[in-house]
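The values are calculated or read from the model by the stated rules, or taken from the named source; none is laboratory data. Treat the numbers as computed from the prediction; the structure is a model and nothing was measured. Counting neighbours? That spans all protein chains shown, and the Cβs are built from the backbone with ideal geometry, glycine included.
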Amino acid sequence: MVFVTLGQTPRDDVIPELFKIIGKTLNYKEIGLLDDPSNIEKAKPSENEEFLVTRLRDGNEVKLSRRWVEKVLKRIPHQEEMTVLLCTDDVNIDGCILPSKILRYFASIMKPEKLGIVVPEPGQIEMVRGKWKSIARDLKIVSYSPYTHIFNDLSILKDRDLVILDCIGYALREEEFVKKYTEGIVV
């Protein structure tokens, strides 16, 4: 099994929790787009560019140009093992399990009337609106960073049937925190 992160490896904030949830530890390797430190500067988004958020090895949050991420992901050599992208953005990478597709499929079968989405940064709110607007007519999006723990007014999620934490960086502790602000299901 191979995990591909937009940030730096190891993703000790994600992978151990994932194995805890599935109840089994598997042999795996990790590939990080920012494992080469020179990529941090190359990946910086311009002022009005769409961006994604990830974590560096030291736990700090970093913003990456969405366009740069898509370009670099296409250059990753094909892996023989099952490959999981540790990102919930709609990035296409052949031969990868894409959490974005799993989350959207789950949300569509839940058929929420009122959907809440949580993203790491306020600057991502409009970027993800198009991704989720077909799932529910009543859509509210708010930011809460799993890396800095800075958040907007999460109380707008109170009446949501379903709340999606739209970033792999959210751990169970962030899920529990968001549950304090909503009566709906948090995933």
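If residue 30 satisfies all but one of (1) more than 13 Å from residue 124 (Cβ to Cβ); (2) in contact with a Lys or Arg (Cβ under 8 Å, 6 or more places away or on another chain); (3) among the acidic types (Asp, Glu); (4) not in a strand (DSSP E or B), what's the number of the condition it fails?
Just one mismatch for residue 30, condition (4).
So residue 45 fits all but one of (1) without any contact (Cβ under 8 Å) to a residue 60 or more places away in the chain; (2) under 23 Å from residue 156 (Cβ atoms); (3) touching a Lys or Arg at 6+ places or on another chain (Cβ under 7 Å); (4) of a type outside the set (Gly, Ala, Ser); what number is the exception?
Condition (2) is where residue 45 drops out.
Let's see how each residue does on (1) surrounded by 14 or more Cβ atoms within 10 Å (Cβ to Cβ); (2) part of a helix (DSSP H, G or I):
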residue: 20; (1), (2): no, yes
residue: 41; (1), (2): no, yes
residue: 53; (1), (2): yes, no
residue: 64; (1), (2): yes, no
residue: 69; (1), (2): yes, yes
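How many of the residues making up the stretch 87-141 are more than 15 Å from the chain's Cα centre (by Cα), more than 15 Å from residue 162 (Cβ to Cβ) and among the small types (Gly, Ala, Ser)?
Qualifying residue count for the region: 2.
Exactly one condition in (1) out of contact with any Leu (no Cβ under 7 Å at 6 or more places or on another chain); (2) in the same structural domain as residue 55 (by TED's automatic domain parsing) is not met by residue 85; state its number.
(1)
Check 92, 60 and return the single one that is surrounded by fewer than 14 Cβ atoms within 10 Å (Cβ to Cβ) and in contact (Cβ under 8 Å) with a residue 24 or more places away in the chain.
On the way: 92 fails: in contact (Cβ under 8 Å) with a residue 24 or more places away in the chain.
On inspection, the qualifying residue turns out to be 60.
Applying the selection to the stretch 96-151, what residues are small (Gly, Ala, Ser), free of Cβ contacts under 8 Å to residues at least 40 places away in the same chain and assigned to a loop (DSSP other than H, G, I, E, B)? Reasoning before the result, please.
Residues of the stretch 96-151 that are small (Gly, Ala, Ser), as a first pass: 100, 107-108, 116, 123, 130, 134, 136, 143, 145.
Now restrict to residues that are free of Cβ contacts under 8 Å to residues at least 40 places away in the same chain: 100, 108, 130, 134, 136, 143.
The answer is 134, 136.
I'm trying to understand the selection: among the residues of the stretch 72-89, which are in a loop (DSSP other than H, G, I, E, B) and free of Cβ contacts under 8 Å to residues at least 60 places away in the same chain?
We begin by selecting, within the stretch 72-89, every residue in a loop (DSSP other than H, G, I, E, B); these are 75-82, 87-89.
75, 77, 78, 80, 89, listed by residue number.
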